[in-house]
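What follows is a single structure, written as structure tokens, with notes after it.
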């Protein structure tokens, strides 16, 4: 450990030499060189857990494929990000997820499925995650049949953002689920309703109630939606909010992941305290004298 | 107002007492202290007590109740959801109130299944007992293996309930098993009479640098399956100046067909203690941990008694054997999770987290237990260290081959005349080994070498010398030294589906290739079992095997397809077979 690490190292990605600072991950190096690597459990505002393995790449000299999201570049590494072997592995991971979960609300995964020619029809009666949707409050729902166990919500609830630790992975193997202790309903758990878990969910397993209701009522119309940036009006921190609206009605609030103050995370007020923006449409026309 | 929120469920007095007994110095004693010292900040000091605490709760009530879990978690300042996440990871912890009576865990893995575990389970159930169909219990030499989990009393493994003598056999060379026959395992004097603690004396005289040189010269490699050079590992940790550093004995042995570590701990516990002490003082590690699988109750008990005696004789603790060195040793019991035999999962398990493996690199010798440099070795590897120090490098290398020096323990089970633990020089052939054990019971169909993560060997391959280099060149693996023998009476389809079920049950669920791949592999195998092994299904199996091997985080997923692949290569699933 006493040797000094070189501050800049050179690696080869798909035949092109890329020079990066020591400590850079393969994913960062590739993106700096304009090479795109698909990810699922990685997010810019969370610690990599390299659980989904979608970002695996071939590193010459390594028996197994390595996860680009967390593996740091080593001087002289020769990396292949789209070899036949890499493509087969990604195809299989996508087939595994597609045969297990409802991925219909993840446009990114749908694109990957097409790109890597994942073919779920090869499997006969595969076991699936068929959990019923948990609706315990008016703020968000948990549809674990869409949950790919990417750990993002657990990280956001824990020491990557909120430090509330209301949820954890529970169980083991295929029966692993994101859960509170003894599956206690969220309102009775340690949850503080910051909604940061919903903010990082890649498959819409965690979904704002308003969006869920619109989808359930078959009134989900992406072409009538827009996003408006504003500043949260609650306290002096001044978090940037993105108000997602359909026909001028808010259905979700997020913050940009690259925002210097929020890193994409909000508190309960910024995330859910927007009802006052949209007062009830029926305003009283005369004073209520009944009491 | 606290910084961690718990539900209203409260413990009863038994649960409270069990936790209080365990935790004498909790991070936070009073509610108001949280504001001052921030409970979570000190979690690190006590979180490793979570696993022992869960064992206590499970034992006093027969399950872990919401109130008990709350009390334990709050005492240790662990978020309730995380404590639940840990408890629900292990097979030996129940999280729903069960019916009364002990819980019988009966092995349903191939060897025990072929030797009557099914009818034993039926018998137990008909008598009204609760039964859990368990993965391999490491008692394969006396099938069907079982383990009884009690409430309010000591759990019982087969060693404590039967009077069968341990079955062990040495060929020409008896080294690792030299004390087995004559040793009284829980008496320090007996161990010393057999030459015990001479190696520690030499190690103190020689000094750490010389000890490590001897290990390097001896060519000793790890016996847990990966065969990494032990001297290199020790040297790497010795070179780290950062304190503290740790020595860990990985006695989580859960590989189907493997029972050598249990036999070592039951019959020669002081040898492990002595060898770990040598590791500690030679590499500057101040503390050792022995992680022993939860089902090995006799082994854990004997080991605990041996440790206590070593402390009273000043062979552990401060100023060991009159030197200035100090070394402490602690036991941790697993709770039914094969994955915790993976070294980084084992660290997480000791630290009080879910037993999910970590990414490597960094390797344990740099960042291991509690983030510190750590030596992890298998008990068999540790016993070899004593041989090298007691008898010298030349003598050590006089057995075996230049690339695989010394002797190896083999666990023989299944259709064999004398199942048991065998010691043989590296280079013995499988044919010789089977004949030493009295020959095959019936007509040999195949041998599963190296456990569930190993490979099938055909009767035509019996002359391959059992060394690391020869098995590797034949695409085989010695693995943990498990040798499971199957006669033509056995259905290989059934064996394969049980192995696939084993991996499906034991995957930790962290990474997608293993969490879902082990399930798909099992499903496709069952479908092949129904019809003929059609081209598409075989191709699909091969693709599943590829992604598990290439892209899984740890060795479990990376080897989960190994046995299935080798069975297909050998044609063991062909139509003409049973």
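The values are calculated or read from the model by the stated rules, or taken from the named source; none is laboratory data. The shown structure was predicted, so the numbers you read here are calculated from the model rather than taken from an experiment. As a convention, Cβ positions derive from the backbone with ideal geometry for all residues, glycine included, and neighbour counts pool all protein chains shown.
Every condition in (1) part of a helix (DSSP H, G or I); (2) surrounded by 19 or more Cβ atoms within 10 Å (Cβ to Cβ) holds for residue B:217 except the one numbered (2).
Taking the conditions (1) in contact with a helix residue (DSSP H, G or I) (Cβ under 8 Å, 6 or more places away or on another chain); (2) within 13 Å of chain B (Cβ to nearest Cβ); (3) more than 27 Å from residue A:270 (Cα to Cα) in turn, residue A:171 satisfies each one other than (1). Residues of region A:188-229 that are within 14 Å of chain B (Cβ to nearest Cβ) and either farther than 29 Å from residue B:8 by Cα or modelled with pLDDT under 95 (or both): A:202, A:203. Does region A:205-224 include one or more residues that are within 22 Å of the chain's Cα centre (by Cα) and under 24 Å from residue B:79 (Cα atoms)? Yes - at least one qualifying residue is present in region A:205-224.
What's the total number of residues in region B:513-530 that are over 21 Å from residue B:253 (Cα atoms) and more than 7 Å from every other protein chain (Cβ to nearest Cβ)? Lay out the reasoning, then the answer.
Let us first name the residues in region B:513-530 that are over 21 Å from residue B:253 (Cα atoms), namely B:513, B:515-517, B:519-530.
Filter once more, so that each one left must be more than 7 Å from every other protein chain (Cβ to nearest Cβ): B:521-522, B:524-526, B:528-530.
The qualifying residues number 8.
Residues in region A:161-176 that are over 14 Å from residue B:356 (Cα atoms) and more than 16 Å from the chain's Cα centre (by Cα): A:163, A:164, A:165, A:166, A:175. Take residue B:264 and decide whether it is at pLDDT 95 or above, in contact with a strand residue (DSSP E or B) (Cβ under 6 Å, 6 or more places away or on another chain) and more than 26 Å from residue B:456 (Cα to Cα). Against the criterion (at pLDDT 95 or above, in contact with a strand residue (DSSP E or B) (Cβ under 6 Å, 6 or more places away or on another chain) and more than 26 Å from residue B:456 (Cα to Cα)), residue B:264 does not qualify.
Only one residue in A:117, A:125, A:95 is exposed (fewer than 14 other Cβ atoms within 10 Å of the Cβ) and under 20 Å from residue B:551 (Cα atoms). Which one? It would help to see each step written out before you state the result.
Numbers: A:125 fails: under 20 Å from residue B:551 (Cα atoms); A:95 fails: exposed (fewer than 14 other Cβ atoms within 10 Å of the Cβ).
When all the criteria are applied, what remains is A:117.
For residues that are outside any loop (DSSP other than H, G, I, E, B) and in contact with a helix residue (DSSP H, G or I) (Cβ under 8 Å, 6 or more places away or on another chain), scanning just region A:68-82, find the one that is modelled with the lowest pLDDT. I'd like the intermediate steps shown before the answer.
Here is the first cut: in region A:68-82, the residues outside any loop (DSSP other than H, G, I, E, B) are A:72, A:78-80.
With in contact with a helix residue (DSSP H, G or I) (Cβ under 8 Å, 6 or more places away or on another chain) added as a condition, the list becomes A:72, A:79-80.
On the way: A:72: 95, A:79: 98, A:80: 98.
The extreme case among them is A:72.
Among the residues of region A:142-165, is any surrounded by fewer than 17 Cβ atoms within 10 Å (Cβ to Cβ) and either farther than 28 Å from residue A:222 by Cβ or within 11 Å of chain B (Cβ to nearest Cβ) (or both)? Looking for residues that are surrounded by fewer than 17 Cβ atoms within 10 Å (Cβ to Cβ) and either farther than 28 Å from residue A:222 by Cβ or within 11 Å of chain B (Cβ to nearest Cβ) (or both), one finds at least one in region A:142-165, hence yes. Residues in region A:52-84 that are more than 10 Å from every other protein chain (Cβ to nearest Cβ), over 11 Å from residue A:39 (Cβ atoms) and in contact (Cβ under 8 Å) with a residue 40 or more places away in the chain: A:73, A:75, A:76, A:77, A:78, A:79, A:80, A:81, A:82. Here A:30, A:87 are screened, and the one residue that is assigned to a helix (DSSP H, G or I), modelled with pLDDT of 95 or more and more than 14 Å from chain B (Cβ to nearest Cβ) is A:30.
Scan region B:323-336 and tell me whether some residue there is over 22 Å from residue B:270 (Cα atoms) and either in the same structural domain as residue B:197 (by TED's automatic domain parsing) or crowded, with 23+ Cβ neighbours inside 10 Å (or both). Yes; the residues of region B:323-336 include at least one that is over 22 Å from residue B:270 (Cα atoms) and either in the same structural domain as residue B:197 (by TED's automatic domain parsing) or crowded, with 23+ Cβ neighbours inside 10 Å (or both).
Got a number for residues in region B:346-370 being in a helix (DSSP H, G or I) and either more than 14 Å from every other protein chain (Cβ to nearest Cβ) or under 19 Å from residue A:64 (Cα atoms) (or both)?
Filtering region B:346-370 for residues in a helix (DSSP H, G or I) gives B:346-351, B:369-370.
Imposing the further condition that a residue be either more than 14 Å from every other protein chain (Cβ to nearest Cβ) or under 19 Å from residue A:64 (Cα atoms) (or both) reduces the set to B:346-347, B:350-351, B:369-370.
Residues flagged as in a helix (DSSP H, G or I) and either more than 14 Å from every other protein chain (Cβ to nearest Cβ) or under 19 Å from residue A:64 (Cα atoms) (or both) within region B:346-370 amount to 6.
Counting the residues of region B:310-346 that are within 26 Å of residue B:46 (Cα to Cα), in contact with a helix residue (DSSP H, G or I) (Cβ under 8 Å, 6 or more places away or on another chain) and in contact (Cβ under 8 Å) with a residue 40 or more places away in the chain gives 18. Please count how many residues of region B:184-198 are surrounded by fewer than 22 Cβ atoms within 10 Å (Cβ to Cβ) and assigned to a helix (DSSP H, G or I). Result for region B:184-198: 6.
Results for (1) more than 14 Å from chain A (Cβ to nearest Cβ); (2) crowded, with 22+ Cβ neighbours inside 10 Å; (3) touching a helix residue (DSSP H, G or I) at 6+ places or on another chain (Cβ under 6 Å), shown as yes or no for each residue.
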site: B:57; (1), (2), (3): no, yes, yes
site: B:61; (1), (2), (3): yes, no, no
site: B:66; (1), (2), (3): no, no, yes
site: B:71; (1), (2), (3): no, yes, yes
site: B:77; (1), (2), (3): no, yes, yes
site: B:81; (1), (2), (3): no, yes, yes
site: B:91; (1), (2), (3): no, no, no
site: B:96; (1), (2), (3): no, no, no
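The sole residue among A:90, A:85 that is within 27 Å of the chain's Cα centre (by Cα) and surrounded by fewer than 20 Cβ atoms within 10 Å (Cβ to Cβ) is A:85. When you check residue A:49 against the structure, is it buried (at least 17 other Cβ atoms within 10 Å of the Cβ), within 11 Å of chain B (Cβ to nearest Cβ), in a loop (DSSP other than H, G, I, E, B) and in contact with a helix residue (DSSP H, G or I) (Cβ under 8 Å, 6 or more places away or on another chain), yes or no? In short, yes. When each of B:551, B:563 is tested for being within 30 Å of residue B:439 (Cα to Cα), outside the structural domain of residue B:255 (by TED's automatic domain parsing), touching a helix residue (DSSP H, G or I) at 6+ places or on another chain (Cβ under 9 Å) and buried (at least 21 other Cβ atoms within 10 Å of the Cβ), the lone residue that passes is B:563.
Tell me the helices (runs of 4 or more DSSP H) entirely within region B:375-487 that contain at least 3 residues that are buried (at least 23 other Cβ atoms within 10 Å of the Cβ) and in contact with a helix residue (DSSP H, G or I) (Cβ under 9 Å, 6 or more places away or on another chain). Spell out the reasoning first.
Numbers: elements: B:379-397, B:430-436, B:468-473.
The qualifying helices (runs of 4 or more DSSP H) are B:379-397.
When the helices (runs of 4 or more DSSP H) confined to region A:192-291 are screened for residues that are free of Cβ contacts under 8 Å to residues at least 12 places away in the same chain, those reaching at least 2 such residues are found at A:209-216.
Residue-level check: of (1) more than 14 Å from chain A (Cβ to nearest Cβ); (2) free of Cβ contacts under 8 Å to residues at least 12 places away in the same chain, residue B:241 misses just (1).
If you go through region B:488-505 and keep only what is surrounded by fewer than 24 Cβ atoms within 10 Å (Cβ to Cβ) and within 14 Å of another protein chain (Cβ to nearest Cβ), you end up with B:501, B:504, B:505.
Of all the residues in region B:104-149, those that are over 23 Å from residue B:483 (Cβ atoms) and within 22 Å of the chain's Cα centre (by Cα) number 6.
Every condition in (1) farther than 19 Å from residue A:121 by Cα; (2) within 14 Å of chain A (Cβ to nearest Cβ); (3) not in a loop (DSSP other than H, G, I, E, B) holds for residue B:510 except the one numbered (3).
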